[in-house]
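The values are calculated or read from the model by the stated rules, or taken from the named source; none is laboratory data. Note that the coordinates shown come from a computational prediction; the quantities given were computed from them, not determined experimentally. Glycine also receives a Cβ, built like all others from the backbone with ideal geometry; neighbour counts cover every protein chain displayed. Side chains included, ligands, DNA and RNA excluded: accessible areas come from the protein's heavy atoms. Shrake-Rupley method; radii C 1.70, N 1.55, O 1.52, S 1.80 Å.
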Amino acid sequence: MRKLGYFLMWIGVRAALWMYFSKISIKGINQIPKDNPLLFLSNHQNALLDALLVATHSPRKIYFLTRSDVFKNPILRMFFNYLQMIPIYRIRDGKESLKQNEAVFERCSQLLQRGEAILIFPEGNHSLKRKVRPVSKGFTRFLFAALEENPQLDVRLVPLGMNYKDAATFPDLVSLYYGKNIRVLDYYNKQEIKESVTRLKKEVHQELTTLTTHIDNDIEYDKIVSHLEKLGLDFLNPEVANKAVDSYIHTPDPVGPKINTSEIYSIGKVLFNIINFPIYLIWSKVIGPKVGELEFLSTVRFMVFLLCYPLFYFLLTVILAYIFSVNLALSVVVVHILINLIWVKILAPLFSK
């Protein structure tokens with residue numbers, strides 16, 4: 001029953017993500033080992049959406065570590081448990097709570113020894129900045145614990161770059177770049193644990209900086225991003241983006257005529273909000289203003305859509321079927337869905353900046 005529940009949840013979330021994003025591109029998925037125990041290591045920009053995208057767009061069934069505070073809501077906790085999320089505790093959750101991580105690391109060690117796949121965000125936090133932050137050593141604790149119990153365990157690390165056009169907006173575009181897997185045994189030396197940790201962290205960080213846009217210049221960060229946006233750079237392609245970052249030397253912004261599509265986009269967005277007025281009202285007036293961190297904006301918006309749209313279409317069908325007919329009600333719902341998809345998949349990315 002639990003497997004069936006997970007499968008149905010997986011299908012539902014994947015379908016919802018497909019409708020939410022204008023485009024989801026996957027690169028390098030054929031490089032993922034099919035049988036080895038795996039540890040996916042991803043940069044972290046977009047809160048829970050990062051995890052959901054990987055969980056639904058990977059050939060492996062994945063467990064993943066998630067900040068413990070999101071498990072406080074009982075409904076979300078049930079949802080997260082079905083998606084095989086494991087709470088990880090941080091200092092902000094209370095010093096005493098950190099002791100619970102010992103059991104978490106032990107569980108992760110056992111999962112790897114069973115040949116499972118785990119996703120972790122080694123930066124330790126999330127940020128909308130297009131930059132790979134320093135990698136923490138937390139993942140090496142249960143990784144090396146698994147090797148301590150089974151020295152021949154062929155664990156592979158799979159670096160993963162998450163790339164968003166504009167992570168806080170809707171609709172957005174995203175690409176997932178899976179890198180070449182790293183054989184942990186090539187870096188692990190039981191007699192030199194500190195050195196092994198350092199080598200592995202360095203390798204993972206280096207790989208992540210090639211799989212997503214990495215702007216390491218904090219002083220001129222905003223200028224560089226602004227310049228790249230004016231160039232119309234494709235942030236979904238990290239190879240192209242990083243070449244542009246490397247070649248940035250105070251070059252002038254491009255000049256010349258440019259077609260202004262912002263007015264068309266604004267009109268389309270207004271029309272989209274009108275035909276989705278009940279959900280737009282709930283989001284814009286009730287829930288959206290309460291989101292404290294910009295990094296959580298898209299995640300909360302997605303969860304609102306995931307929960308509200310099925311209810312919205314159910315009520316719309318019942319009301320129209322009662323007043324008119326079932327056939328008319330179903331026709332209106334289908335047309336409404338198609339209009340939304342045309343906006344999200346075609347018109348919004350065409351006319352957005």
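Data table
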{"item": "With all protein chains modelled, accessible area of Thr210 [1.4 Å, Å²]", "result": "70 Å²"}
{"item": "Given Lys99/Lys290; Lys223/Lys290; Lys23/Lys165; Lys129/Lys194, the pairs whose alpha carbons are separated by over 22 Å", "result": "Lys99/Lys290; Lys223/Lys290; Lys129/Lys194"}
{"item": "Reachable lysines, given that their alpha-carbon falls under 22 Å from the alpha-carbon of Lys34 and they are not under 8 places away in the same chain", "result": "Lys3, Lys61, Lys180"}
{"item": "Spin-label zone in region 298-327 - amide nitrogen under 15 Å from a point set 7 Å from the Cα of Val335 along the C-beta vector", "result": "317, 320-321, 324-327"}
{"item": "Listed residues Ile323, Ile182 arranged by accessible area, highest first, probe 1.4 Å", "result": "Ile323, Ile182"}
{"item": "In region 1-102, the trypsin sites (Lys or Arg not before Pro) that fall in loop regions by DSSP, at most 11 other Cβ within 10 Å", "result": "Lys34, Lys72"}
{"item": "Quarter of Cα convex hull surface for region 197-353, i.e. mean projection, nm²", "result": "14.1 nm²"}
{"item": "Helical mean residue ellipticity (222 nm; -39500 (n - 2.57) per DSSP H run of 4+; nearest 500) of the chain", "result": "-15000 deg cm²/dmol"}
{"item": "Label point distance in nm, Leu185-Lys345, each placed 7 Å from Cα along Cα→Cβ", "result": "4.6 nm"}
{"item": "For the chain, share of DSSP beta bridges that run antiparallel, in % to the nearest 5", "result": "25 percent"}
{"item": "Rg/Rh for region 1-69, where both radii come from Cα atoms and Rh is the Kirkwood radius", "result": "0.95"}
{"item": "Debye log10 I(q)/I(0) at q = 0.20, 0.22 Å⁻¹ for region 1-138, Cα point scatterers", "result": "-1.53, -1.76"}
{"item": "Nearest-ten-degree value, helix 262-275 long axis tilted from longest Cα axis of the chain", "result": "80 degrees"}
{"item": "Radius, Kirkwood style, for region 256-339 when every pair of distinct Cα atoms is counted (Å)", "result": "15.0 Å"}
{"item": "Modelled FRET efficiency - R0 41 Å, Ile11 with Lys223, Cβ distances, 0.05 increments", "result": "0.40"}
{"item": "Helix 101-113 axis, angle to the chain major axis (alpha carbon atoms, nearest 10°)", "result": "90 degrees"}
{"item": "Sparse-neighbour loop sites [trypsin sites (Lys or Arg not before Pro); region 121-201; at most 10 other C-beta within 10 Å; DSSP]", "result": "Lys190"}
{"item": "Semi-axis lengths, Å, region 133-256, gyration tensor of Cα atoms, sqrt of 5 times eigenvalues", "result": "36, 15, 11"}
{"item": "Degrees between helix 138-149 axis and first principal axis of the chain (Cα, 0 to 90, nearest 10)", "result": "50 degrees"}
{"item": "Rg ratio (alpha-carbon, reference 2.2 N^0.38 Å) - the chain", "result": "1.09"}
{"item": "Met78 accessible area, assembled protein chains, probe 1.4 Å, Å²", "result": "110 Å²"}
{"item": "Accessible area expressed per residue, the chain, with surrounding protein chains retained (probe 1.4 Å, Å²)", "result": "54 Å²"}
{"item": "Overall Cα dimensions of region 79-164 - principal axes, largest extent first, Å", "result": "38, 32, 28"}
